[in-house]
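See structure below.
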Amino acid sequence: MLPASLKSDFPILGKSVNDRPLVYLDNAATSQKPRAVLDASRHYYEAVNSNIHRGTHFLARAATAAHEAARETIATHIHAASSDEVIFTSGATEGVNLVSDILSLSAGDEILISTLEHHANIVPWQMLAQRSGAKLVVIPCDENGVLDQNAFTNLLSEKTKIFALTWISNAFGTVNPVREMTAAAKKYGAIVLIDAAQAIPHLNIDVRDLGADFLVFSGHKVYAPTGIGVLWGKLDLLKSLPPWKGGGEMIKQVTFEGTTYNDPPFKYEAGTPNIEGAIALAAALEYVKSIGIDAIHDHEQKLIAAAAEALSEIPGIRLYGPSDRIGALSFAIEGVHHYDLGTLIDQMGVAVRTGHHCCQPLMSRFGITGTTRASFALYNTMEDIESLATAVKKAAAMLR
Ligand code: PLP
């Protein structure tokens, strides 16, 4: 287990809620920020702030250097072949929208996604399908929230032009075999996008090993601020695909007759970016590295197993997702509404998420409107799990 003292790296975790020490178990929605990240943001504005890339003065050069160093750190973290493959976005949602906007399809083409997807990896593809006449095809899942691999194999065909898949389900914690599924889709020449929004805080990401064309994630799920994220894409694709938003930075030459576009990554970064966010994201990934992603993963797996075991004792509880879930533990208790449960345990100082988790089609698949979800981070402790279990038991008894 990681030392409980790590909690003190995160100032907000010292807070009391309803006169109880805060137990924060809503990490799949957003993570808390360590002092190293808060300091990086503050230092940027106190000592470096300037617009980047076009300035000749001292601060412009310092800000540009820090921004591009951040890109290098992120490229190294995800094992990208080049930092030119790392495009800064506002988050995973923007990354998927960027890709779905620059790809063009024809009537009869298919976009393959899965039942486990977050709305961010559904709606942009639906919009692309609507404007192109392509068809959205969905891989079903079983009662454990695990994708049906036979169905997946049968759904793949020459018509599959895009395959977009979440690595880890934010709702159920299901881990998809992304490498194998990517390889299968690649046999049909599909463009593959992996949604790593929930993978980035828990797993080592090696984009070269993965074999996909694109991968997206948000900084705020991995201890960085909101409003910054990454789209990683294979360089040859980024070079050959059309630009997205037009504006400053994404151009080489502009005349009123026409424009030549910049090379990736700048081709996809029109306008002044979130400079501080990029620097803080690099600081967050350095923080993760200083602890070690494998040690974080081991720690969190012990926590989630202990939580599953403790909650299983509650009469009428159903845990969703497979037993080898990562990051998130979703459950429902017979006769208890998830919203009431979440509200009541909040009064006991325990923060969890309730509802559909931006996965309404997945909830429909299970005939439910939502679940209660506890989700875990490196700073959670076995005491947090005990607090969760005690609070849920107490609340369930009161609500039934
Ligand atoms: N994909 C998954 C699996 C998620 O869990 C989330 C956020 O919860 C997103 C995409 C969207 O992330 P963001 O809202 O940061 O863009």
ask   = Do any strands (runs of 3 or more DSSP E) entirely within segment 273-359 hold 1 or more residues that are away from the ligand (no atom under 16 Å from the Cβ), and if so, which?
value = 317-320, 328-333
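Within segment 254-272, how many residues are in a loop (DSSP other than H, G, I, E, B) and touching a residue at least 60 places away in the same chain (Cβ under 8 Å)?
The first filter runs over segment 254-272 and keeps only residues in a loop (DSSP other than H, G, I, E, B), leaving 255-258, 262-265, 269-272.
Subset that is touching a residue at least 60 places away in the same chain (Cβ under 8 Å): 263-265, 269, 272.
The total comes to 5.
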request  = Look through segment 279-330, keep the residues that are surrounded by fewer than 24 Cβ atoms within 10 Å (Cβ to Cβ) and at positive phi, and return whichever of them is nearest to the chain's Cα centre (by Cα).
outcome  = G292
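Output yes when any residue across segment 207-224 is surrounded by fewer than 19 Cβ atoms within 10 Å (Cβ to Cβ) and either at pLDDT below 95 or closer than 20 Å to E72 by Cβ (or both), and no when none is. Let's see the steps before the verdict.
Kept after step one, since they are surrounded by fewer than 19 Cβ atoms within 10 Å (Cβ to Cβ), are these residues of segment 207-224: 208-209, 211.
Pick out the ones that are also either at pLDDT below 95 or closer than 20 Å to E72 by Cβ (or both) and you get 208-209.
Looking through segment 207-224, at least one residue is surrounded by fewer than 19 Cβ atoms within 10 Å (Cβ to Cβ) and either at pLDDT below 95 or closer than 20 Å to E72 by Cβ (or both).
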request  = Mind telling me which of the residues Q130, Q126 ends up being closer than 27 Å to K187 by Cα, surrounded by fewer than 22 Cβ atoms within 10 Å (Cβ to Cβ), touching a strand residue (DSSP E or B) at 6+ places or on another chain (Cβ under 7 Å) and free of Cβ contacts under 8 Å to residues at least 12 places away in the same chain?
outcome  = Q126
query = Restricting attention to segment 370-382, does a residue exist that is in a helix (DSSP H, G or I) and either more than 18 Å from A120 (Cβ to Cβ) or touching a strand residue (DSSP E or B) at 6+ places or on another chain (Cβ under 8 Å) (or both)?
reply = yes
query = Within segment 163-198, how many residues turn out to be under 24 Å from S364 (Cα atoms), crowded, with 24+ Cβ neighbours inside 10 Å and not polar (S, T, N, Q)?
reply = 12
remark   = Taking segment 157-169 and keeping only residues that are part of a loop (DSSP other than H, G, I, E, B) and within 24 Å of T371 (Cα to Cα), one is left with W167, S169
note = Taking segment 9-41 and keeping only residues that are among the hydroxyl-bearing types (S, T, Y), surrounded by 13 or more Cβ atoms within 10 Å (Cβ to Cβ) and closer than 18 Å to S387 by Cβ, one is left with Y24
key: Filtered residues of segment 71-109 (kept if free of Cβ contacts under 8 Å to residues at least 40 places away in the same chain and in a loop (DSSP other than H, G, I, E, B))   = S104, S106, A107
query = Give me the pairs: first residue in segment 186-213 and free of Cβ contacts under 8 Å to residues at least 60 places away in the same chain and under 17 Å from I113 (Cα atoms), second residue in a loop (DSSP other than H, G, I, E, B) and away from the ligand (no atom under 16 Å from the Cβ), beta-carbon distance under 7 Å, and six or more apart or on different chains, which are they?
reply = K186/G211; Y188/L156; Y188/S157; Y188/E158; V192/D213; D213/K234
ask   = Does I102 fit the bill of being more than 15 Å from the ligand (Cβ to nearest atom), under 30 Å from H67 (Cα atoms), assigned by TED's automatic domain parsing to the domain that holds L235 and more than 17 Å from the chain's Cα centre (by Cα)?
value = yes
Residue satisfying all of: in segment 110-123; of a type outside the set (G, A, S) and part of a strand (DSSP E or B); farthest from the ligand (Cβ to nearest atom) among these = E110
task = State the number of residues belonging to segment 133-168 that are in contact (Cβ under 8 Å) with a residue 40 or more places away in the chain, of a type in the set (S, T, Y) and away from the ligand (no atom under 16 Å from the Cβ).
result = 2
ask   = Among the listed residues I139, I168, which satisfies the condition of being hydrophobic (A, V, I, L, M, F, W, C) and in contact with a Phe, Trp or Tyr (Cβ under 9 Å, 6 or more places away or on another chain)?
value = I139
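The values are calculated or read from the model by the stated rules, or taken from the named source; none is laboratory data. On a predicted model such as this, the values are computed, not experimentally measured, just so you know. We place every Cβ from the backbone using ideal geometry, glycine too, and count neighbours over all the protein chains shown.
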